[in-house]
Amino acid sequence: MNKSEFSNHLKIGEVKINDPFWNKISEIVRTSVIPYQYLALQDKIEGAEKSYCIENFIKAGKVVEKIRQGIEPEKYPVDKWEYNDNNCDKNAFHGWVFQDSDVYKWIEAVGYSLQNHPDKELEKKADEYIDIICNAQLDNGYLDTLYIINDRDKTFTNLKDFHELYVFGHMVEGALSYYKATGNRKLLNSACRFADLICNTFGEDKIKGYPGHEIAEMALVKLYDETGKKEYLDTAKFFIDERGRKPYYYDTEHNTKSKGENYHYNQAHKPPREQTEAVGHAVRGVYLYSAMADIAKAYDDDELFGACKSIWDNIENKKMYITGGIGATVDGEAFSFDYDLPNDLAYAETCASIGLIFFARRMAENEVNSHYADVMERALYNTVLSGMSEDGKSFFYVNPLEVLPIASSRDSRKRHIKPVRQKWFSCACCPPNLARLISSLGEYIYTENDNTLFVNQYVGTDIQSDKTNIKVTSDYIENGKVSFEIECKKPFTLALRIPFWCDEYTISEKFENKNGYAFIEISENKNIDVHFNTEVKVIKCSNKVRANIGKVAVTRGPLVYCIEEADNGKNLQMLTLSKTPNFRYKDGIIFADGYREKADNALYSNYTATAFEECKIKFIPYYHWGNRGENEMSVYIRI
Ligand code: FUB
Ligand code: ZN
C-alpha cells in the first residue's frame, strides 16, 4: 500500500456544520430524538416497547453493592437472547442480551451534540446516567449488566451468541465522545478499566476468543488513538487475526449444542484476511470490515486491505440496494447471495447502512477512490435518513423498497416490513445508532493527508485545519451548487469528489481529474464555485436482479425517489413511467408523465394488449416515505 495515500478524517471540533438540509435534521436529532431516547431508556414513553436499559444498570448496581458487603447475590439463568416478565424472574436482567448498548449509543450522540451545542441540562442528565452506569461496574472492571445481574461466574463463556464484547465496544465509543465533549473522564476511566480487563483476558497465551458481534475491534482502535496504549491496538488486531482460525474458538466454547455451526453468520467461517465476499449478519459484517480497514491502515497491511477491497467490491456491485441498504434477507438479518435484492422482502437494517458508512470512511482513509464516499452518500441520504420520521419520534429498523400494508399484516414472511415507523423497539439498536451518526456527521465530510484536503460530502460547513480555513456554502441537494471561500494558510491541494450520479459539472478553477476527484492546487486565498447538474435521472438495475426486470428507479442528485399511495392511489404496481416522462421538479417533488393500467377483474383471460390510461405520477424522496400513515410505497416502477 502506498502510505502517502493514507488520510485521516477531520474531527467534529474542526468542522462546524451550517447547511440548509442538514441543520434541520440535526436539530430534530438534538431537540427531539435525544430527549425522546432519554425517556425511552427509562421506559417513560407511553405505548412504546420497554427498554429496561436503565433499570438493568440500577439492578446491577445493587448486585455490586451486595458483593462489596460480602453478601452472595441471587443467580438467574443466562440462556436466551431476550428476557422479559414472561420468561424470567422480575429481579433478573430484562431485555435483549445487548440492552446496555442503547444507553452507550445515547451518550455517544449526546457527546457529539454537546460538542456543537453546549447544554448544561443535557450534560446533567448524561452525568446522572453515567453515575448509574459506573455504579454497576465490578471491581475487576467488568461491566455487562446481563452477567452481573444473572451470573457473575459465567462471564466470557459464550462469546459467539452473547454480547459482552459488543456492549464493551459501545461503552468505549460513548465514553470517548462524552469525554471529548465535556472533559469528564468518569465514563472513559470505567471504559479503560473494562478495556484493560479485556486485554488481560484475550490474546496469545490467554483466551483465544473473539467477539460474536463485532465492534470491540473498532472501539479499541479509537481508544488507542486517544490513549496511545498499544495493548488496545494489539488486542483489536488479535481479534481480527484469531477470527475464523481452525479449530474454531466457538466450537471450544460450545462444547454441547452448536458445535460446527455455520459461522458465516458471524463472519468467522474463515480468517478475515482470506475473506472475499460479504456474508452473514450485515451489521456484524460491516463492523468487522470497518475494523479490518482500521487495522490495515494502522499496520500498513496490504494483505488485509486486499480483503477489505474484495469485500467492498462485492457489496458495492452485487449486494447493495440503490438506497444504500445492505443485508437483503431477514433470515439472520444477513447479506444474501449475489444480486439477490428483493424489494418487498428487503431487510436493509438502518444499522447496517450506518455500519456501511463507517466502513466507507475507513476505506477512504486507506485509498483515494471516490467510490467510498459515493456509497457513503447513497446510504446516508436514503436508508439512514429513512430510518427516522420527520418529527424524530418514530423509526424504521427495516427499510424495504416496496410496501403493501396488507402483506405486512397477513403474510408472515413480510412481518418484518413495517408500513409505518415504530415508536421504539424492544431490540432498539437502530434509533440510537442513527442519533450518534447524525450527531457526528462532521466526521464523515472531509479527509486529509499531508498535502490534500478531500471533500467527500457536500455539506455547508466552516472548517479549520492547519492548511486552510474554508467556508463551504452548499445548496447541493436542491440545486447541486457548492461554493468554497478559501483562506490559504499554506499551499495545498483541494480534492473535490465528483459524485457518481453526475455526468455534467462545472468547477470555476483549473483541475485535474483522478480517482473520481477533481484536484485543484491552492496557493492563495480564493473562491471556487462548483455546479453539479442535478437533472432527474431514470436508473436501471442489472438484469441479474430478478425483482427489477422491466422496472426503473427515479433519482435526483443523491436522492432516490419513490411513489406512495397517498399521492398516486392504490395498486402502485399498475403504474408505468412514460419513456418520455417530461419530469417536472419543484420543492423536492418530482412529477412525471405515465400510465395507469386498467385493473383486470378476471384472474385469467386470453392475452390482449393491456389497456392503459395516461396519468401524472408523483415521486417523493425515499427517505420521506411513510410519514402520512400506512400506505403502499415503491421505489421501482415499470417502464
Ligand atoms: O445484536 C445487536 C444488534 O441487534 C444488531 O447489530 C442488530 O442487527 C440487532 O440484531
Ligand atoms: Zn439496528
Sole miss for residue 436 among (1) open to solvent by less than 10 Å² (accessible area, probe 1.4 Å); (2) more than 16 Å from ligand 2 (Cβ to nearest atom); (3) among the charged types (D, E, K, R) is condition (2)
Residues (of a type in the set (S, T, N, Q) and either open to solvent by 60 Å² or more (accessible area, probe 1.4 Å) or closer than 29 Å to residue 559 by Cβ (or both)) located in the range 458-493
461, 464, 473, 474, 479, 483
Can you give me the number of residues within the range 90-112 that are within 14 Å of ligand 1 (Cβ to nearest atom) and basic (Lys, Arg)?
1
What are the pairs, 6+ residues apart or on separate chains, where a residue within the range 148-177 that is open to solvent by 10 Å² or more (accessible area, probe 1.4 Å) has its Cβ under 8 Å from a residue that is assigned to a helix (DSSP H, G or I) and modelled with pLDDT under 95?
157/253; 158/253; 160/250; 160/253
Which residues, taken from the range 50-83, are closer than 22 Å to residue 125 by Cβ, in contact (Cβ under 8 Å) with a residue 60 or more places away in the chain and open to solvent by 70 Å² or more (accessible area, probe 1.4 Å)?
50, 58
Could you say whether any residue in the range 426-445 is farther than 30 Å from residue 300 by Cα and more than 18 Å from the chain's Cα centre (by Cα)?
yes
Does residue 327 satisfy the criteria of being within 22 Å of residue 364 (Cβ to Cβ), in contact with a strand residue (DSSP E or B) (Cβ under 7 Å, 6 or more places away or on another chain) and of a type in the set (Gly, Ala, Ser)?
yes
One residue is enough: does the range 415-423 have a residue meeting the conditions more than 16 Å from ligand 2 (Cβ to nearest atom) and at pLDDT below 95?
yes
So which residues in the range 589-618 are hydroxyl-bearing (Ser, Thr, Tyr) and either within 21 Å of residue 562 (Cβ to Cβ) or within 40 Å of the chain's Cα centre (by Cα) (or both)?
595
Name every residue in the range 171-188 that is of a type in the set (Phe, Trp, Tyr) and within 22 Å of the chain's Cα centre (by Cα), in order of residue number.
178
With the checklist (1) farther than 30 Å from residue 622 by Cβ; (2) crowded, with 20+ Cβ neighbours inside 10 Å in hand, flag the one item residue 496 doesn't pass.
(1)
Of all helices (runs of 4 or more DSSP H) fully inside the range 61-155, the set with 1 or more residues that are within 16 Å of ligand 2 (Cβ to nearest atom), under 29 Å from the mean Cα position of the chain (by Cα) and aliphatic (A, V, I, L, M) is 100-116
Within the range 317-338, can you find the residues that are small (Gly, Ala, Ser) and under 16 Å from residue 288 (Cα atoms)?
327, 334
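The values are calculated or read from the model by the stated rules, or taken from the named source; none is laboratory data. Just so it is clear, the structure is predicted and the values come from calculations on it, not from any experiment. Glycine gets a Cβ as well: all are built from the backbone with ideal geometry, and neighbour counts include every protein chain shown. Protein only, heavy atoms only, side chains kept; ligands, DNA and RNA dropped before computing areas. Shrake-Rupley method; radii C 1.70, N 1.55, O 1.52, S 1.80 Å.
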